[in-house]
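What follows draws every value from the coordinates through simple rules; no lab data is involved. Note that the structure is a prediction, hence the values are computed from the model and not measured. Cβ placement follows ideal geometry from the backbone for every residue including glycine, while neighbour counts extend to all protein chains displayed.
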Ligand SMILES: C[S@@+](CC[C@H](N)C(=O)[O-])C[C@H]1O[C@@H](n2cnc3c(N)ncnc32)[C@H](O)[C@@H]1O
C-alpha cells in the first residue's frame with residue numbers, strides 16, 4: 001500500500017476504519033448538576049470522535065447552537081480551537097463556566113500545557129452570523145459540528161417533559177422568537193434552519209466538513225422527517241457524504257399507541273455529514 005500523507009486527520013488506519021461504520025451506540029453518561037437544566041445536551045466524548053476524524057489539532061471548529069458548550073469542551077480535550085454561538089444567556093453562562101473550569105485546571109497544572117487552544121463562547125443569534133463574524137474578526141472554519149433544536153418538538157407536552165417539569169428543569173429552551181425551537185410549525189422551522197446554514201457555508205474552508213445531528217419525530221400522529229428533509233435541502237448547498245446513526249439503548253420505553261397503533265420510541269439520531277467542495 002502507498003504510504004501517502006493523511007490529509008484529513010491524525011488517526012491510525014484502524015481508528016479511521018472504525019469511524020466509517022454508519023451506526024454506533026452511545027449512551028450519554030449521567031449529566032453534571034450544572035448541565036441538567038438544558039433539555040437536550042449531547043455527549044462531548046461522542047463529539048470529540050467527529051472532531052478528531054474531520055480535523056487535525058489546531059483547527060477551527062464552530063457550533064452555531066452551542067447550548068451548554070459540549071462542543072467547546074470536546075475541542076479543548078482534542079486541542080482544537082472552538083467558537084460557539086448560543087442565543088440564551090443562561091446556557092451561554094453554563095458553557096463559559098465549563099470552559100473556565102477547564103482553564104482553571106490548566107493553571108493548577110492538573111492538565112498539561114499542550115492544551116493551549118482557544119475556546120470562545122458568544123451569546124448571540126446564529127441567524128446573524130455575518131455580522132458576528134465581521135464584528136469579531138473571526139477566522140475560516142475547518143469543521144462545523146452541531147445539534148440544532150429538533151424542530152418545534154420540545155413544545156410538545158409528553159411524558160418526558162412532564163417529568164422534567166416536576167423536577168423544575170427546562171422543557172423548552174425559551175420563549176424567544178429568535179429561538180428556532182419556537183418556529184411557527186415544521187415548514188417554517190425547516191426553512192429558517194436551512195437559511196441559517198447558508199452564510200455558515202461561506203465561513204467554511206473548501207474541503208471542510210459540516211456535521212449536523214438531527215432526529216425524525218412523531219408530531220400529532222404525523223411522522224416528521226426532519227433529518228431526511230434537512231439532508232435533502234442542504235445537499236443543494238453542500239455535498240452530502242453520508243450519515244452515522246447514533247443509537248441510544250438505555251432510554252425508557254413509553255407505551256405510546258399501545259393496543260391501537262404503532263408509535264415509535266425514537267431512540268436514534270442522524271449525524272449528517274456534509275462537505276464543502278470547491279465551486
Ligand atoms: C439541541 S440544543 C444544543 C445543545 C448542545 N449541543 C449541548 O450539548 O449543550 C440547541 C440550542 O440552540 C439554541 N438556539 C436556538 N435558536 C438559536 C439561534 N437562533 N442562535 C443561537 N442559538 C440558538 C437553543 O437555546 C439551544 O440551547
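The label-point distance for residue 237 and residue 140, in a model that sets each label 7 Å from Cα toward Cβ, rounds to 1.9 nm. Of all the options 181, 124, 221, the one that moves most in a Gaussian network model of the chain with Cα springs shorter than 10 angstrom is 221. Taking 7 Å steps out from each Cα toward its Cβ at residue 104 and residue 23 produces label points 4.2 nm apart. For the chain, the share of DSSP beta bridges that are antiparallel, to the nearest 5, is 45%.
Please report 20, 71 as a ranked list, fewest other C-beta atoms within 10 angstrom at the top and most at the bottom. Spell out each step's value before the answer.
Details: 20 9, 71 32.
Starting with the residue having the fewest Cβ neighbours, the order is 20, 71.
Average projection, convex hull of the Cα set of the range 13-275: 14.8 square nanometres.
What are the semi-axes of the equivalent ellipsoid for the range 27-148, taken as the square roots of 5 times the Cα gyration tensor eigenvalues, largest first, in whole Å?
On the way: eigenvalues 78, 66, 42 Å².
In descending order, the three semi-axes are 20, 18, 15 Å.
Taking 208, 84, 69 in turn, the Gaussian network model of the chain (Cα-Cα springs below 10 Å) assigns the largest fluctuation to 208. Computed from label points 7 Å out along Cα-Cβ, the spacing between residue 268 and residue 10 is 3.4 nm. Across 102, 66, 214, mean-square fluctuation computed from a Gaussian network of the chain (C-alpha pairs under 10 Å connected) peaks at 102. Mean residue ellipticity at 222 nm, helices only, the chain: -10000 deg cm²/dmol; runs of at least 4 DSSP H residues each add -39,500 (n - 2.57), and the sum is divided by the number of residues.
Semi-axis lengths, largest first, of the ellipsoid equivalent to the range 167-234 are 24, 16, 12 Å, with √(5λ) applied to each eigenvalue of the Cα gyration tensor.
Normalised by the number of residues in the range 13-275, what is the relative contact order in percent for Cα pairs under 8 Å and 6+ residues apart? Before the final figure, lay out the partial values.
On the way: 445 pairs, mean separation 51.5, N = 263.
RCO, the range 13-275: 20 percent.
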